[in-house]
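For reference, the structure is listed below as structure tokens.
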């Protein structure tokens with residue numbers, strides 16, 4: 001069966017510091033991968049998605065970036081965090097050709 | 001433009017009551033997919049159901065049932081005999097197949113509180 005991992009689970013970082021959140025998927029190959037952010041107030045915003053190694057599409061221009069160095073690894077990064085980057089970050093995967101996405105446990109980021 | 005509207009921000013019921021969560025969507029495509037996800041307090045989104053636009057049959061899974069009506073662009077979710085464990089935020093989502101992948105458009109969610 002497939003599982004998706006995210007770490008860290010919780011993170012508190014000062015403004016201006018760098019960020020690296022990691023997501024890995026097990027039990028499948030060549031998944032589509034997604035990063036979402038859920039700010040206070042519940043809305044889920046798609047940040048990035050990837051259909052393959054090195055292929056990243058950005059949905060929202062911002063100071064975040066994503067990379068996919070391996071087939072089942074998806075990384076969300078920032079060089080300098082802003083207060084507005086605080087939120088709950090969710091990674092998700094889907095099989096190519098299917099439409100439901102499966103989500104990881106999330107990372108709660110607080111920028112102080 | 002695609003849009004999903006969940007007009008109910010919060011619903012509170014007493015255990016064993018039935019509750020319906022509303023979802024209205026907008027899309028120009030003739031082929032699309034609708035979803036419901038559950039987000040318990042732990043935060044992880046749990047996939048509940050996918051419905052294809054060409055299949056209007058209602059679906060029942062245990063205490064859960066879904067009513068899809070293209071005529072009103074609605075995909076409502078009913079929990080029968082609610083339980084405290086049903087307390088969560090529920091999201092409705094829409095996807096239009098787009099290239100090699102799909103993008104989910106989420107509603108703003110409905111917080112369901114089931115009181116014992």
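Read-outs: derived from the displayed coordinates by stated rules, not from any lab. This structure is a prediction, so every number in the text was calculated from the model and none was measured. Virtual Cβ from ideal backbone geometry, glycine too; neighbours counted across all protein chains shown.
What to note about this one:
- R0 of 30 Å, Cβ-Cβ distance residue B:42-residue A:79: FRET efficiency to nearest 0.05: 0.45
- Counting Cβ atoms of other protein chains within 10 Å of each residue's Cβ and taking the mean over peptide B:38-45 gives 5.
- Coarse-grained scattering of chain B at q = 0.12, 0.18 Å⁻¹, given as base-10 log I(q)/I(0) from a Debye sum over alpha-carbon atoms: -0.40, -0.89
- Each of B:66, A:7 has some number of other Cβ atoms within 10 Å of its Cβ, and from fewest to most they run A:7, B:66.
- Calculated on C-alpha atoms, the gyration radius of chain A divided by its Kirkwood radius gives an Rg/Rh of 0.95.
- Largest GNM mean-square fluctuation among B:13, B:89, B:24, using chain B with Cα springs under 10 Å: B:13.
- Compactness of the protein assembly as shown as Cα Rg over 2.2 N^0.38 Å, two decimals: 1.03
- Residue among A:15, A:25, A:51 with the largest mean-square fluctuation in a Gaussian network model of chain A, springs linking Cα atoms under 10 Å: A:15
- Taking a point 7 Å out from the Cα of residue B:11 in the direction of its Cβ, the residues of the range B:19-52 whose backbone N falls within less than 11 Å of it are B:19-23.
- Here the range B:19-48 is scanned for amide nitrogen atoms under 18 Å from the site 7 Å beyond the Cα of residue B:64 along Cα-to-Cβ, giving B:19-24, B:33-48.
- Measuring between their Cα centroids, the range A:37-112 and the range B:21-68 lie 23 Å from each other.
- Cα gyration tensor shape of the range A:22-62, rounded if a/c is under 1.5, else prolate or oblate by comparing a/b with b/c: oblate
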